[in-house]
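The values are calculated or read from the model by the stated rules, or taken from the named source; none is laboratory data. Given the structure is predicted, the values throughout are model-derived calculations rather than measurements. Heads up, the Cβs are rebuilt from the backbone with ideal geometry, glycines too, and the neighbour counts pull from every protein chain shown. We work out accessible area using only protein heavy atoms, side chains counted, and drop any ligands, DNA or RNA first. Shrake-Rupley method; radii C 1.70, N 1.55, O 1.52, S 1.80 Å.
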Amino acid sequence: MKEPLPSSAPPTPTTFPTMKALYFRDTGSLANLRVEKIEVPRIDDHGDEALVRVRAAAINPSDPKSVLGKISETKPPRVPGRDFAGIVVEGPATWKGKEVFGTGGNLGFGRNGSHAEFMSVPVEALVEKPKHLSFEQAAALGLGYLTAWSAIVTAGRVSPDDIVLVLGATGAVGSAAIKIAKHVGAERVIGVLRHEADHSRTAGIPSDNWVVLEKEPLLKGLFKVTQGKGADLILDVVGGPSFESVNECLAHRGRHVVVASIEPRVSFNLIDFYHREGRLIGVDTLKLSFAESAGVLREIVPLVNAGVLTPPQLDTITIEQGPRAYQSILDGRAGRKQVIRF
């Protein structure tokens with residue numbers, strides 16, 4: 001695959017069509033992210049790639065982090081974006097004209113991503129879009145459900161006997177994890193909110209109980225609803241300073257799955273941890289290939305079609321509003337999933 005050149009590049013004998021894209025040439029500042037005209041990607045003739053007309057693309061927290069240079073896999077210049085939904089316009093005949101969605105691989109990091117009017121992806125990354133969803137809803141499914149499934153099903157091995165504790169419960173990953181855990185039939189699913197006002201964002205999230213950190217410490221609130229047992233499985237999307245208090249919530253032989261951390265280093269009581277025979281598990285979806293990511297999405301599609309799993313709440317924006325949305329996501333002000341509509 002040839003990466004497109006910015007439109008400011010020296011003219012060539014052949015003129016290729018251009019498209020709008022979010023584009024950055026250097027990392028280190030969100031000011032480097034701009035809307036530019038670049039060449040539409042060209043796919044090879046081997047039949048293993050497809051050109052997708054992007055109709056919608058979600059913005060994830062890893063996208064602004066990539067622009068800032070906080071993700072080692074990022075290789076600028078680059079079009080960012082991991083989640084997409086659109087229509088295949090070039091590629092194998094079996095895929096041409098189909099409505100698709102997807103995420104994963106090195107999309108937006110090692111190869112140009114979805115925050116553009118067109119994108120090229122390996123055919124193995126394509127998953128047929130659930131017919132009843134809009135392109136915006138399908139784009140909002142990708143990384144949230146990929147991360148949640150990888151964390152609590154693949155790594156955490158959630159079971160019907162589990163008490164599950166989910167931090168960041170109103171976010172895309174947390175809300176997806178709660179829905180998945182409820183579908184599996186977990187004994188009890190408990191979501192964590194920072195503030196009492198966050199209850200306004202819990203519509204459609206089927207948590208059995210909510211612990212509000214503004215009202216009481218996490219461990220106290222959890223023990224109150226579990227009669228002192230704690231959690232068999234914890235999904236931690238925060239890490240950092242809260243890591244030890246979260247880890248203390250583990251029941252005997254509980255699993256603490258971490259998918260993010262606001263700080264690289266943490267501390268906790270190791271003696272208490274091994275006496276409880278706890279498990280600490282890291283999950284990084286950047287390590288999943290396109291085929292592995294598509295495999296997870298195919299697992300959730302029947303549940304989406306059945307109405308068991310639903311897209312997160314979202315706001316649609318234009319590509320010109322993209323840089324501002326990146327900043328609001330980085331600052332934690334976005335609230336709902338931000339989806340670029342093309």
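Mind checking whether some residue in the range 37-50 is within 24 Å of residue 171 (Cα to Cα) and open to solvent by less than 10 Å² (accessible area, probe 1.4 Å)?
The answer is no; no qualifying residue exists.
Look through 53, 82 and report the one residue that is in a loop (DSSP other than H, G, I, E, B), within 20 Å of residue 338 (Cα to Cα) and basic (Lys, Arg).
Answer to the selection: 82.
Give the residues of the range 268-286 that are open to solvent by 80 Å² or more (accessible area, probe 1.4 Å) and within 27 Å of the chain's Cα centre (by Cα), sorted by residue number.
279, 280 - these are the residues of the range 268-286 that are open to solvent by 80 Å² or more (accessible area, probe 1.4 Å) and within 27 Å of the chain's Cα centre (by Cα).
Can you find even one residue in the range 148-156 that is open to solvent by 40 Å² or more (accessible area, probe 1.4 Å) and not in a helix (DSSP H, G or I)?
Checked against the condition, which is being open to solvent by 40 Å² or more (accessible area, probe 1.4 Å) and not in a helix (DSSP H, G or I), the range 148-156 yields no hits at all.
If you check 60, 106, which single one turns out to be in contact with a helix residue (DSSP H, G or I) (Cβ under 9 Å, 6 or more places away or on another chain), farther than 27 Å from residue 208 by Cβ and open to solvent by 40 Å² or more (accessible area, probe 1.4 Å)?
106
Based on this model, can you work out whether residue 246 counts as within 17 Å of residue 194 (Cα to Cα) and either part of a helix (DSSP H, G or I) or of a type in the set (Lys, Arg) (or both)?
Judged against the criteria, residue 246 is a match.
Only one of (1) over 24 Å from residue 70 (Cα atoms); (2) among the small types (Gly, Ala, Ser); (3) buried (at least 20 other Cβ atoms within 10 Å of the Cβ) fails for residue 293. Which number is that?
In the conditions (1) over 24 Å from residue 70 (Cα atoms); (2) among the small types (Gly, Ala, Ser); (3) buried (at least 20 other Cβ atoms within 10 Å of the Cβ), residue 293 misses (1) alone.
Please go through the range 123-135 and pick out each residue that is buried (at least 21 other Cβ atoms within 10 Å of the Cβ) and either small (Gly, Ala, Ser) or not in a loop (DSSP other than H, G, I, E, B) (or both).
Result: 125, 127, 135.
Could you list, in sequence order, all residues of the range 327-341 that are over 14 Å from the mean Cα position of the chain (by Cα) and either assigned to a strand (DSSP E or B) or among the basic types (Lys, Arg) (or both)?
333, 340, 341
Kindly indicate whether any position in the range 169-191 is part of a strand (DSSP E or B), surrounded by 17 or more Cβ atoms within 10 Å (Cβ to Cβ) and hydrophobic (A, V, I, L, M, F, W, C).
Checked against the condition, which is being part of a strand (DSSP E or B), surrounded by 17 or more Cβ atoms within 10 Å (Cβ to Cβ) and hydrophobic (A, V, I, L, M, F, W, C), the range 169-191 yields at least one hit.
Taking the condition of being touching a residue at least 24 places away in the same chain (Cβ under 8 Å), open to solvent by less than 30 Å² (accessible area, probe 1.4 Å) and not in a helix (DSSP H, G or I), how many residues in the range 212-237 meet it?
7
State all residues of the range 314-325 that are open to solvent by 50 Å² or more (accessible area, probe 1.4 Å) and either farther than 26 Å from residue 23 by Cα or part of a helix (DSSP H, G or I) (or both); if no residue qualifies, say none.
320, 321, 324 - these are the residues of the range 314-325 that are open to solvent by 50 Å² or more (accessible area, probe 1.4 Å) and either farther than 26 Å from residue 23 by Cα or part of a helix (DSSP H, G or I) (or both).
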